[in-house]
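A.B. asks: Okay, here's the structure, questions in a sec.
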Amino acid sequence: MLEEKSIDRNQIIGFVLIAAILFGMSFWASELQPEAPKKEASAAVLEEVPEEAVVSDAIPAEIVVTDSTAPAPETIILENEVVKYTFTTAGAQLQQVQLKDYKRYNGEDLYLVNGRQSMAGAHEGVFSALVITGNEGSQSLTMTSGATTWTYTLGEGYGLTWALDVEGAANVTLDWKQDGIRNEKSLKNEAQNTSTYFWDAADASDDYLSDGRDDEETVSNIGWVAHKQQYFASIFSSETPFTTAHLVTKTPEVIDTGHTRLFRSELTLAGTNGGVHANGLWYHGPNQYNTLKAYDQHFDEIIPFGWGIFGWISKGAVIPMFDLFDGFGWNYGLIIFLMALIIKLVLSPLTFSSYKSMAKMRVLKPELDEINERHKDGDAAKKQQEVMALYQKAGVNPLGGCIPQLLQFPILIAMFRFFPASIELRQESFLWADDLSAYDSVFEFGQWFTIPFYGDHISLFTILMAISTYLYTKFNNSMTPQSGNSMMQQQMVIIQYLMPVMLLVWFNNYASGLSFYYFVSNILIFGQQWAIRKFFIDEETIHAQLMANKAKGGKQSKLQKRMNDMLESQKDAGNRRMRRMDK
């Protein structure tokens, strides 16, 4: 079934954890309370495995030429500075696509096509071939068999332009089969980020099949179809949209450790003027935002930067900042540090507002303790009313420390999506991490055992991120001592200190660049809060101002009024129940 624009289960878990950390720590520190159905996944689960051999079939079985009278097939190569295409005239097939600027995780040459691909539907027999070199170095390959002619042209950069002419045909259905080759260290992560994307020409929007699961769908009026892997893609586009497209992704057999997904796309082209005459672009290359965007066909939508505001932040702010620093040729670890620093500086007004609000709550602590003590065995609703009255008179917003944190949440999620999707970090090293786009590992124990949910290795950046999160939680809690000993407070403390452990488990298999970014962000937050408390916040002055507000009677905010009204309603309802019981 078709999957609407969404995020997968692991990403949802990550978002919830991050949101809970932000909201939970701010909530506790400020002492708001003074005391579309999918097809079932394949049963085969991809596991991390030792080095494998990639299977390569010279010619797919369905187009092997058996006619002994036919001319011998030729092999023809089109190449430029970044890509090398290898064709055979047997069935006019594309046999290999090598990306020259990239390597597999094990150092071998990187292929997007290496035998296990075929394009059937207009490919019968052995084609005659003609290669022409243009004035500016472009190369054109024309292959003809009977009424069918394929023309491919390679210029600079990635992508072949193609043209198909089939005289006398009412329509042609191209049966495009491709097995995605494993190119990354983590087969599981790569497979989970591999799927079929397509562009709906009528709605001018992209969509995709399930990531990491078997799925299929039939759609119509499609401008392009992408067999998208984690960092690379094969995109087949047509200037005249495909009238229908039947799209399928399958999970390889467990023993096939050299492939991520099995792509099957049947694309129908309608005939006009006595035949099928179509043309377009066949892209094989990296999922690099600026490269894909330059084609002006919305190819860049296959990069999962996130939907809505998360994608806007990534494309409008994060990518330009990253590209600026990348242009200086600096190490990517330094670039990540500078990005974290700049983002924290930009958000510093919100951080200051949040900290100032927490300082106000902190200086009211003695009076809140008095209220708790008076009502420790009494009416909880009455206690809450007194607390709200204190807030009103002192001019304190109990949510003042939480709201600025929540306003930062979209940026936090945008960064969560940006780093794992950025091919620029692929195979870039920093300190002990040899690939910032994959997990860093300081110790491998998979040869002996694997820890469920955790993995078979230890990621040091993840440990540092989890420790800094724990220290940040403890630091915030220490700034505002506990008031009371309610069940909610106890649960909040447990949740806060459980979060770093959950992050330690979940981030162990995620991109080390992301863990490093969150670690740096936590360290910078410590620095910001120290500087604010040292140079900008005088708690004695704040206390004097709050007491002056209290003496004037204060002004009730809309939030406080709503909360008081709610408490009054609850109290009245309780009184009515008591009267009914007395009767």
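Rule-based calculations on the coordinates, nothing more; no lab input. Everything numeric in this text was worked out from a predicted model, so none of it was measured. Backbone-built Cβ (ideal geometry, glycine too); neighbour counts: all protein chains shown.
A.B. asks: With N set to the residue count of the range 70-208, report its C-alpha Rg divided by 2.2 N^0.38 Å to two decimal places.
C.D. replies: Values: Rg = 16.9 Å, N = 139, 2.2 N^0.38 = 14.3 Å.
The reported ratio for this selection is 1.18.
A.B. asks: Within 10 Å, count the other beta carbons around each residue, average over each peptide in 172-180, 327-335, and list them highest first. Spell out each step's value before the answer.
C.D. replies: Numbers: 172-180: 20.6, 327-335: 13.6.
My ranking of the peptides, most packed first, is 172-180, 327-335.
A.B. asks: For Arg116, list long-range residues whose amide hydrogen, built 1.01 Å from N in the peptide plane, is under 5 Å from its own amide hydrogen.
C.D. replies: It is Asp57, by chain and number.
A.B. asks: Could you quote the convex hull projected area for the range 397-460, Cα atoms only and averaged over all directions, in nm²?
C.D. replies: Working: hull surface 27.3 nm².
Answer in nm², one decimal: 6.8.
A.B. asks: How would you order 144-150, 194-200, 114-120 from highest to lowest mean count of nearby Cβ atoms within 10 Å?
C.D. replies: Details: 144-150: 17.4, 194-200: 23.1, 114-120: 20.3.
Ranking, from highest mean packing down: 194-200, 114-120, 144-150.
A.B. asks: Rule-of-thumb check for the range 221-316: C-alpha Rg over 2.2 N^0.38 Å? Provide the component values of the computation, followed by the final result.
C.D. replies: Values: Rg = 15.8 Å, N = 96, 2.2 N^0.38 = 12.5 Å.
In units of the 2.2 N^0.38 Å rule of thumb, it is 1.27.
A.B. asks: Once amide H atoms are placed 1.01 Å from N in the peptide plane, what residues at a sequence separation of 5 or more from Trp199, or on another chain, have their amide H within under 5 Å of its amide H?
C.D. replies: It is Gly223, Trp224, by chain and number.
A.B. asks: So for Met321, Met499, Met143, fewest C-beta neighbours within 10 Å to most, what's the order?
C.D. replies: Details: Met321 14, Met499 20, Met143 24.
Arranged by neighbour count, lowest to highest, Met321, Met499, Met143 become Met321, Met499, Met143.
A.B. asks: Would you please give the residues with an amide H less than 5 Å from that of Asp434, counting only those at least 5 places away or on a separate chain, with H modeled from the backbone geometry?
C.D. replies: Ser441
A.B. asks: Under 20 °C and 1.002 mPa s, how fast does the range 75-122 diffuse according to Stokes-Einstein, given a Kirkwood radius computed over C-alpha pairs? Answer in µm²/s, whole number. Don't jump to the answer; show the numbers that get you there.
C.D. replies: On the way: Rh = 11.5 Å.
Answer from the Stokes-Einstein relation: 187 µm²/s.
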